[in-house]
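A.B. asks: Dumping the structure here so I can ask a few things about it.
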Amino acid sequence: ASTWASVKMGPPDAILGITEAFKKDQYEQKINLGVGAYRDDAGLPVVLPSVIEAEERLLKSCLDKEYAGITGISNFTKLAADLAYGEESIVLKEDRLAVTQTISGTGALRIGGEFLKKFHPSTKILLPQPSWANHAAVFRSSGLQPETYRYYNKETIGLDFEGLIEDLKNAEDGTAVLLHACAHNPTGVDPTPDQWKQISEVVKAKGHFPFFDMAYQGFASGSIERDAFAVRYFVEQGHQIALCQSFAKNMGLYGERVGAFSLVAESSEEKARIESQFKILVRPLYSNPPIHGARIASTILGDAQLKAQWLAEVKTMADRMITMRQLLKDNLEALGSTQNWDHVTSQIGMFCYTGLSGEQVDELAQKWSVYCTRDGRISIAGITSGNVKRLAQAIHEVSK
Ligand code: PMP
């Protein structure tokens with residue numbers, strides 16, 4: 001028998017399975033709302049002009065292809081930290097932020113999970129219910145025990161703020177808590193600034209460890225600063241946070257795998273000890289991170305004019321999604337839908353939790369060639385001014 005005869009077929013990835021079904025569908029006007037990647041109004045992937053410019057500059061400068069350090073390109077990690085924490089941040093001024101470049105946001109989560117497992121007393125990490133499907137898998141693979149706190153209220157299609165606070169209060173003191181910094185995936189529901197302040201208080205009172213995942217900075221509201229509110233507020237309040245950053249969405253660098261993981265230390269000396277342990281974690285995993293994407297990001301972030309251009313491009317992407325939300329809602333109302341679709345425009349970021357059931361999602365695919373995940377999550381990036389009318393009609397028909 002083969003050495004691998006006992007290897008069983010694993011279940012397909014839920015989201016990639018949708019792409020497969022979409023590809024097989026022959027209908028010309030089919031719509032894919034499963035993917036978590038930005039598309040322009042023609043439904044096509046986008047390479048940002050600022051990225052093209054950065055690549056042209058890199059090509060001209062004929063850089064070598066030597067290895068980066070174990071924690072990455074230091075110019076990149078510095079600029080990434082500036083973007084998230086703000087250049088004026090006290091932790092940067094006092095040189096007490098430990099940072100490592102990572103294999104995009106997923107790699108940041110994994111390094112963070114491994115670090116917690118090794119050095120933090122909490123064996124658990126609380127995730128919002130629901131959360132990005134990969135969170136539980138990443139933390140479980142790191143040897144932590146993922147559990148959940150209440151987050152989403154099905155009735156209001158909004159935040160279950162009381163449930164969230166209650167669950168954080170009832171958790172054992174000193175538990176690690178994963179927080180989506182902005183544009184919660186999959187719900188599109190974020191706490192308000194005032195609610196973040198209350199979350200910060202509870203986290204502080206309980207001695208919990210705030211672990212931020214920021215995969216969508218700038219991509220949610222169109223403003224880098226606004227989307228960083230929670231992260232910066234927690235730091236101002238004296239929390240020693242963990243932060244995962246991804247440049248997949250806001251720079252459209254999905255396949256380049258550009259990200260960072262950082263921990264706020266108490267002192268510069270402590271930062272150095274933490275970074276030495278980042279190296280010990282990274283070395284046996286992948287030795288050192290890829291260089292090309294990090295060079296693109298640091299070329300953009302390190303040049304005032306190119307950075308300004310990029311910020312405008314981020315805003316264009318965010319604005320297109322905000323416009324598509326409005327158009328979808330307007331079309332549903334114009335069709336005479338008697339349901340309340342306010343959540344379509346009140347939610348933020350790339351995803352919208354429609355409130356559609358699994359059966360309704362199946363019907364969307366079968367009758368309308370409209371594809372999304374069975375939890376009713378649609379990717380706003382898949383909506384265009386050309387398909388929004390047909391989409392609204394499909395959603396209206398299945399939800400009547
Ligand atoms: N966190 C969240 C909440 C996400 O939605 C994603 C991407 N879908 C990621 C992290 C990581 O993405 P990447 O590894 O491509 O940066």
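The values are calculated or read from the model by the stated rules, or taken from the named source; none is laboratory data. Every value quoted in this text rests on a predicted model; they were computed, and no experiment measured them. Here the Cβ is made from the backbone with ideal geometry for all residues, glycine too, and neighbour counts use every protein chain on show.
A.B. asks: Consider region 225-255. How many of its residues are surrounded by fewer than 20 Cβ atoms within 10 Å (Cβ to Cβ) and over 13 Å from the mean Cα position of the chain (by Cα)?
C.D. replies: So the count comes out to 11.
A.B. asks: Which ones in region 186-241 are over 29 Å from Ile378 (Cα atoms) and not in a helix (DSSP H, G or I)?
C.D. replies: Gly207, His208, Phe209, Gln237, Gly238, His239, Gln240, Ile241
Condition check ((1) buried (at least 22 other Cβ atoms within 10 Å of the Cβ); (2) among the hydroxyl-bearing types (Ser, Thr, Tyr)) across all residues:
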position	(1), (2)
Lys154	no, no
Ile165	no, no
Leu178	yes, no
Val189	yes, no
Thr192	no, yes
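A.B. asks: Can you report the number of residues in region 134-185 which are part of a helix (DSSP H, G or I) and not small (Gly, Ala, Ser)? Explain how you work it out, then say what you get.
C.D. replies: Within region 134-185, the first condition is being part of a helix (DSSP H, G or I), and the residues that meet it are 134-141, 161-170.
Of the ones still in play, those that are also not small (Gly, Ala, Ser) are 134-135, 138-140, 161-162, 164-170.
Result for region 134-185: 14.
A.B. asks: Right, next: Restricting to region 222-253, name every residue that is within 16 Å of the ligand (Cβ to nearest atom), among the hydrophobic types (A, V, I, L, M, F, W, C) and in contact (Cβ under 8 Å) with a residue 40 or more places away in the chain.
C.D. replies: Quick first cut of region 222-253, residues within 16 Å of the ligand (Cβ to nearest atom) only: 227-228, 230-231, 241-253.
Now drop any that are not among the hydrophobic types (A, V, I, L, M, F, W, C), which leaves 228, 230-231, 241-244, 247-248, 251, 253.
Ala228, Ala230, Val231, Ala242, Leu243, Cys244, Phe247, Ala248, Met251, Leu253 - these are the residues of region 222-253 that are within 16 Å of the ligand (Cβ to nearest atom), among the hydrophobic types (A, V, I, L, M, F, W, C) and in contact (Cβ under 8 Å) with a residue 40 or more places away in the chain.
A.B. asks: Does Ala84 satisfy the condition of being buried (at least 16 other Cβ atoms within 10 Å of the Cβ), not aromatic (Phe, Trp, Tyr) and not in a helix (DSSP H, G or I)?
C.D. replies: Values: buried (at least 16 other Cβ atoms within 10 Å of the Cβ): yes; not aromatic (Phe, Trp, Tyr): yes; not in a helix (DSSP H, G or I): no.
Judged against the criteria, Ala84 is not a match.
A.B. asks: Being in contact with an Asp or Glu (Cβ under 7 Å, 6 or more places away or on another chain) and either within 16 Å of the ligand (Cβ to nearest atom) or of a type in the set (A, V, I, L, M, F, W, C) (or both) narrows it down to one of Leu44, Leu79, Leu48, so name that one. Outline the logic, then answer.
C.D. replies: On the way: Leu44 fails: in contact with an Asp or Glu (Cβ under 7 Å, 6 or more places away or on another chain); Leu79 fails: in contact with an Asp or Glu (Cβ under 7 Å, 6 or more places away or on another chain).
Matching residue, one of Leu44, Leu79, Leu48: Leu48.
A.B. asks: So is Arg96 away from the ligand (no atom under 14 Å from the Cβ), in contact with a helix residue (DSSP H, G or I) (Cβ under 8 Å, 6 or more places away or on another chain) and not β-branched (Val, Ile, Thr) or not?
C.D. replies: Working: away from the ligand (no atom under 14 Å from the Cβ): yes; in contact with a helix residue (DSSP H, G or I) (Cβ under 8 Å, 6 or more places away or on another chain): yes; not β-branched (Val, Ile, Thr): yes.
So Arg96 fits the description; yes.
A.B. asks: Among the residues of region 21-43, is any of a type in the set (Lys, Arg), in a helix (DSSP H, G or I) and in contact (Cβ under 8 Å) with a residue 60 or more places away in the chain?
C.D. replies: Looking through region 21-43, none of the residues is of a type in the set (Lys, Arg), in a helix (DSSP H, G or I) and in contact (Cβ under 8 Å) with a residue 60 or more places away in the chain.
A.B. asks: What number of residues in region 330-357 are in contact (Cβ under 8 Å) with a residue 60 or more places away in the chain, hydrophobic (A, V, I, L, M, F, W, C) and either assigned to a strand (DSSP E or B) or surrounded by fewer than 19 Cβ atoms within 10 Å (Cβ to Cβ) (or both)?
C.D. replies: Total meeting the criteria: 3.
A.B. asks: I've got another one for you. Filter region 99-129 for residues that are within 16 Å of the ligand (Cβ to nearest atom), among the β-branched types (Val, Ile, Thr) and surrounded by fewer than 24 Cβ atoms within 10 Å (Cβ to Cβ) and give the result.
C.D. replies: Across region 99-129, the qualifying residues are Ile103, Thr106.
A.B. asks: Assess whether Ala68 counts as being within 23 Å of Gln217 (Cβ to Cβ) and either within 16 Å of the ligand (Cβ to nearest atom) or crowded, with 21+ Cβ neighbours inside 10 Å (or both).
C.D. replies: On the way: within 23 Å of Gln217 (Cβ to Cβ): yes; either within 16 Å of the ligand (Cβ to nearest atom) or crowded, with 21+ Cβ neighbours inside 10 Å (or both): no.
Considered against the rule, which asks whether it is within 23 Å of Gln217 (Cβ to Cβ) and either within 16 Å of the ligand (Cβ to nearest atom) or crowded, with 21+ Cβ neighbours inside 10 Å (or both), Ala68 comes out as no.
A.B. asks: Evaluate the following for Glu56: is it in a loop (DSSP other than H, G, I, E, B) and modelled with pLDDT of 95 or more?
C.D. replies: In short, no.
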